[in-house]
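Step one of this worksheet: look at the structure below.
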Amino acid sequence: MRRRLFGAVLSCACAFALPAAAQSIAAAKVHAAFPAQGSIQLAFAPWDNAEGMIVDAIRQAKVQILVQAFSFTSRALAYALTAAKKRGVDVQVLADREQTFSSESSRIPELAQAGIAVMLEVRYQSAHNKVMVIDADTEHAAVITGSYNWTYAAQFKNAENVLILRRNPEVAKAYADNWRRHYVDSLPYIEP
């Protein structure tokens, strides 16, 4: 009896001792399941040409590309985004501040010089998202996500995965809304 009582008291004490962040996570919103629709394309680097698959998706963009980047060193992806901007697509990038300034091969300065709106995420220890939302408010919406950073190493040196979820407007809207939530807490990129 004493052991059970002690266990119950200890459990209650631990529940109240949870850090505020853990309590807020427990109370955080959980997205409902989205209906399965559209198509899913996937790639596993280094075996598959994940970078080429992403470049093709960028080339198909007609209205807007919202990017979240932890690390961005890929010349091919930077070129594809710059080409999209030149053909009139609204390209906007959120990048991790520390990765942007700690990597000598970061393509973020090139994107900014090409007239692409670049914001830096400063609120988090790591802004670790790797997401592109393409034409979110259209029937051709696509979401690119996975472990794959927008880097040379992701294609040629690492074991990575990429998913492109197409024609699922609810999923695209959820990712675009999340991108906008991060945008609010970001600061404009300024060339050092």
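Select from segment 114-157 the residues that are in a loop (DSSP other than H, G, I, E, B), among the hydroxyl-bearing types (Ser, Thr, Tyr) and touching a residue at least 60 places away in the same chain (Cβ under 8 Å) and list them in ascending order. THR138, TYR148, THR151, listed by residue number.
I'm checking my understanding of the structure. Among residues of segment 144-155 that are surrounded by fewer than 24 Cβ atoms within 10 Å (Cβ to Cβ) and at pLDDT 95 or above, which one is nearest to ILE108 (Cα to Cα)? Checked segment 144-155; the qualifying residue nearest to ILE108 (Cα to Cα) is TYR148. Answer with yes or no whether SER106 is in contact with a helix residue (DSSP H, G or I) (Cβ under 8 Å, 6 or more places away or on another chain) and either hydroxyl-bearing (Ser, Thr, Tyr) or free of Cβ contacts under 8 Å to residues at least 12 places away in the same chain (or both). Yes; evaluated as a whole, the condition is true for this residue.
Evaluation of LYS157 against the conditions (1) under 17 Å from the mean Cα position of the chain (by Cα); (2) over 24 Å from LYS85 (Cβ atoms) shows that the sole unmet condition is (1). Quick one: count up the residues across segment 91-116 that are charged (D, E, K, R) and over 17 Å from the mean Cα position of the chain (by Cα). Qualifying residue count for the region: 2.
Restricted to segment 90-106, and to residues that are at pLDDT below 95 and of a type in the set (D, E, K, R), which residue is nearest to ALA69 (Cα to Cα)? So the residue we want is ASP96. Checked against the criterion of being among the charged types (D, E, K, R), more than 20 Å from ALA61 (Cα to Cα) and within 17 Å of the chain's Cα centre (by Cα), segment 129-142 contains not a single residue that satisfies it. When each of ALA69, ALA78, ALA45 is tested for being of a type in the set (Gly, Ala, Ser) and surrounded by 23 or more Cβ atoms within 10 Å (Cβ to Cβ), the lone residue that passes is ALA69. Taking segment 22-59 as the range and being aliphatic (A, V, I, L, M), at pLDDT 50 or above and part of a helix (DSSP H, G or I) as the test, the residues that pass are ILE25, ALA26, ALA27, ALA50, MET53, ILE54, VAL55, ALA57, ILE58. Of the set (1) closer than 23 Å to LYS157 by Cβ; (2) modelled with pLDDT under 95; (3) surrounded by 20 or more Cβ atoms within 10 Å (Cβ to Cβ), all apply to GLU121 but (1).
The values are calculated or read from the model by the stated rules, or taken from the named source; none is laboratory data. Not measured: the values here are computed from a predicted model. Please note: Cβ atoms are built from the backbone with ideal geometry, for glycine as well, and neighbour counts cover all protein chains shown.
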